[in-house]
Amino acid sequence: MARILLIEDDAALSRGLVAALTAEGYSVDPAPDGASALMMASDEPYAIITLDIGLPDMSGFDVLKSLRARGCHAPVLILTARDEIDDRVRGLDLGADDYLLKPFEPREMAARIRALLRRPQVDPAPVIRVGKLEFDRSHHVARVDGRDLDLRRREWVVLERLLSRVGQVVSKDRLASEVFGYDEPVAPNAIEVYIARLRRKLEPDGPTIRTLRGLGYLMEEN
Ligand code: CA
């Protein structure tokens, strides 16, 4: 059963869509605003995300940007009341997969969702190579110069998050929010501990994780 994250602040519309999609056999989690949607998407791998553009706390475009920046590749179906061509183009440019103009029939939404689910899922880069590091997501193996790295689960996730943004500064808060669930208690120095362990494991030939005081971490090819 495919899981759908339904981001919509109109409570009545949301209830109606949840009922319609549940009747189609989907498991649907409603999110009434951008912040809770991002929280939910970081905890749960969704097969499809439907995204209202007009949300109370942030625009759907910002939600989409955050989702993609966090490495979420789930197909996104934009729901917009605005029929401005600019909105549609902007959404598609930001990585949305399709859009529906409000008002629409739930049947039409279900048809679009079926079409998106039929699309072959493209994994952008199952293997990431940075210098002598080879990070193979599909086989869950990381090697430096042919040497297997023994990574614990969280270390793997921290490394993966840094590798998805090589050459960019990633703040400690952002890493923490991506590595831990929002309701999980996190020790203040948890990320520092993982970074220190990763550095030891990547040495001497792997890429370098630089600390930029007050800004975050930067992964660089060695
Ligand atoms: Ca709305």
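The values are calculated or read from the model by the stated rules, or taken from the named source; none is laboratory data. Keep in mind that this is a model prediction, so the values were computed, not measured. Positions of Cβ are backbone-derived with ideal geometry, glycine not excepted, and every protein chain shown enters the neighbour counts. The accessibility values were calculated without ligands, DNA or RNA, using every heavy atom of the protein model including side chains. Shrake-Rupley method; radii C 1.70, N 1.55, O 1.52, S 1.80 Å.
A few points about this structure:
- Count of region 89-110 residues which are open to solvent by 40 Å² or more (accessible area, probe 1.4 Å) and in a helix (DSSP H, G or I): 7
- Filter pass, ASP145 being open to solvent by 50 Å² or more (accessible area, probe 1.4 Å), more than 18 Å from the chain's Cα centre (by Cα) and not basic (Lys, Arg): yes
- Count - residues of region 41-84 that are more than 16 Å from the ligand (Cβ to nearest atom) and either in contact (Cβ under 8 Å) with a residue 40 or more places away in the chain or open to solvent by less than 50 Å² (accessible area, probe 1.4 Å) (or both): 17
- Residues of region 148-171 that turn out to be more than 17 Å from the chain's Cα centre (by Cα) and open to solvent by less than 80 Å² (accessible area, probe 1.4 Å), as a count: 5
- Applying the criterion of being open to solvent by 30 Å² or more (accessible area, probe 1.4 Å), within 16 Å of the ligand (Cβ to nearest atom) and not charged (D, E, K, R) to the residues of region 1-17, the residue that is farthest from GLU105 (Cα to Cα) is ALA11.
- Pairs where the first residue, in region 133-162, is closer than 23 Å to ARG70 by Cα and the second is of a type in the set (Val, Ile, Thr) and surrounded by fewer than 16 Cβ atoms within 10 Å (Cβ to Cβ), C-beta under 9 Å, 6+ apart: GLU134/VAL127; GLU134/VAL141; PHE135/VAL127; PHE135/VAL141; ASP136/VAL127; ARG137/VAL127; SER138/VAL127; HIS139/VAL127
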